[in-house]
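A.B. asks: Mind looking over this structure? Questions follow.
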Amino acid sequence: MKLRLLSYNIRALRDDNAALFRVIRAVGADVVCVQEAPRLLRWRSRSAEIARRSGMVVVSGGRTAGANLIMSTLGVTVHSAHDVTLSRDRGQYLRGTSVAVLSRGGTRFAVAGTHLDLVDEPRLRHVGELAETFDRLLPADLPRILAGDMNCRPGEPAWQALTAWGTDVWAAVGAGDGFTFRASNPFERIDAVFVAGGIRPVSAEVVTSADTGIATDHLPLLVELEID
């Protein structure tokens with residue numbers, strides 16, 4: 001089964017929202033992992049609006065997952081969903097993950113969206129907490145996808161820990177530098193998708209268009225995966 005998945009930091013809807021929704025609709029993803037979803041007043045209804053205007057439905061997430069939101073098309077079935085918060089350091093934002101067990105065309109898989117810390121020590125610690133969360137919530141043989149804004153670069157300790165957990169999709173099948181930040185003049189690769197357990201990366205693309213430069217401060221990362 002082939003799956004199209006988009007990872008996108010939407011900067012809490014502080015930019016051109018009409019452009020943002022056009023970007024998401026245009027890529028035709030089956031599943032979208034959003035970072036910096038609404039976390040304050042009316043966050044549930046605002047998350048539902050993001051999904052509706054993107055032509056999708058909410059799977060899980062939001063404030064209760066550290067502002068990580070998972071959306072999907074109606075062609076994806078939701079079997080379970082868990083919103084998890086990660087350990088918090090004084091003065092830092094609450095980080096978390098939303099983990100959902102989904103299926104498409106009869107094939108089951110798990111998707112988790114996250115947004116790691118800006119600070120080195122908690123960021124590395126949170127990678128370990130994510131791995132523990134997967135092991136606690138998911139069957140050992142279930143294919144797993146982790147997508148998000150990692151707030152670090154390839155080769156840094158947290159990134160190395162992520163590559164020990166799973167395959168870096170861009171490194172496996174992407175072409176070029178894969179820079180996603182900043183959208184107006186990208187200079188670093190901090191957004192990524194990692195996969196484990198019977199998932200084969202097929203393609204990876206940093207999406208660019210007239211809209212992506214004004215929709216938010218990150219460029220979206222679109223991957224296609226083959227899941228056994």
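The values are calculated or read from the model by the stated rules, or taken from the named source; none is laboratory data. In this text, all values refer to a predicted model and were calculated from it rather than measured experimentally. Virtual Cβ from ideal backbone geometry, glycine too; neighbours counted across all protein chains shown.
A.B. asks: Filter region 89-104 for residues that are in contact (Cβ under 8 Å) with a residue 12 or more places away in the chain and part of a loop (DSSP other than H, G, I, E, B); which is surrounded by the most Cβ atoms within 10 Å (Cβ to Cβ)?
C.D. replies: Applying the first criterion (in contact (Cβ under 8 Å) with a residue 12 or more places away in the chain) to region 89-104 yields 89, 92-104.
Then keep just the ones that are part of a loop (DSSP other than H, G, I, E, B); that gives 89, 92-95.
Working: D89: 12, Q92: 13, Y93: 15, L94: 14, R95: 27.
Among residues in region 89-104 that are in contact (Cβ under 8 Å) with a residue 12 or more places away in the chain and part of a loop (DSSP other than H, G, I, E, B), the one surrounded by the most Cβ atoms within 10 Å (Cβ to Cβ) is R95.
A.B. asks: Okay, next question. Out of region 61-85, which residues are of a type in the set (S, T, N, Q) and buried (at least 22 other Cβ atoms within 10 Å of the Cβ)?
C.D. replies: Listed by number, the residues that qualify are N68, S72.
A.B. asks: Whether any residue in region 41-53 is out of contact with any Cys (no Cβ under 9 Å at 6 or more places or on another chain), over 18 Å from V99 (Cβ atoms), loosely packed, with under 15 Cβ neighbours inside 10 Å and not basic (K, R) is what I want to check.
C.D. replies: Looking for residues that are out of contact with any Cys (no Cβ under 9 Å at 6 or more places or on another chain), over 18 Å from V99 (Cβ atoms), loosely packed, with under 15 Cβ neighbours inside 10 Å and not basic (K, R), one finds at least one in region 41-53, hence yes.
A.B. asks: Right, next: Does region 91-121 hold any residues that are under 16 Å from A131 (Cα atoms) and of a type in the set (A, V, I, L, M), and which are they?
C.D. replies: Within region 91-121, V99, A100, V101, A110, V111, A112, L116 meet the criteria.
A.B. asks: Separate question: Does F194 qualify as being more than 19 Å from A29 (Cβ to Cβ), of a type in the set (F, W, Y) and touching a residue at least 40 places away in the same chain (Cβ under 8 Å)?
C.D. replies: no
A.B. asks: Please enumerate the residues belonging to region 64-108 that are polar (S, T, N, Q) and modelled with pLDDT of 95 or more.
C.D. replies: Applying the first criterion (polar (S, T, N, Q)) to region 64-108 yields 64, 68, 72-73, 77, 80, 85, 87, 92, 97-98, 103, 107.
Once the filter is applied, which keeps residues that are polar (S, T, N, Q) and modelled with pLDDT of 95 or more, region 64-108 yields T64, N68, S72, T73, T77, S80, T85, S87, T97, S98, S103, T107.
A.B. asks: While we're here: Which of (1) on the phi < 0 side of the Ramachandran plot; (2) touching a helix residue (DSSP H, G or I) at 6+ places or on another chain (Cβ under 9 Å); (3) surrounded by fewer than 24 Cβ atoms within 10 Å (Cβ to Cβ) is the odd one out, the single condition I24 does not satisfy?
C.D. replies: Just one mismatch for I24, condition (3).
A.B. asks: Checking the conditions here, which among A12, A18, A29, A51 is more than 21 Å from S80 (Cα to Cα) and either out of contact with any helix residue (DSSP H, G or I) (no Cβ under 9 Å at 6 or more places or on another chain) or part of a loop (DSSP other than H, G, I, E, B) (or both)?
C.D. replies: A12 is the lone residue from the list that is more than 21 Å from S80 (Cα to Cα) and either out of contact with any helix residue (DSSP H, G or I) (no Cβ under 9 Å at 6 or more places or on another chain) or part of a loop (DSSP other than H, G, I, E, B) (or both).
A.B. asks: Given the structure, is A110 under 17 Å from the mean Cα position of the chain (by Cα) and in a strand (DSSP E or B)?
C.D. replies: When the stated conditions are applied, A110 passes them.
A.B. asks: Looking for whichever is out of contact with any strand residue (DSSP E or B) (no Cβ under 9 Å at 6 or more places or on another chain) and within 23 Å of L69 (Cβ to Cβ) here; the options are S184, S103, S98, S209. Which one fits?
C.D. replies: That would be S209, the only listed residue that is out of contact with any strand residue (DSSP E or B) (no Cβ under 9 Å at 6 or more places or on another chain) and within 23 Å of L69 (Cβ to Cβ).
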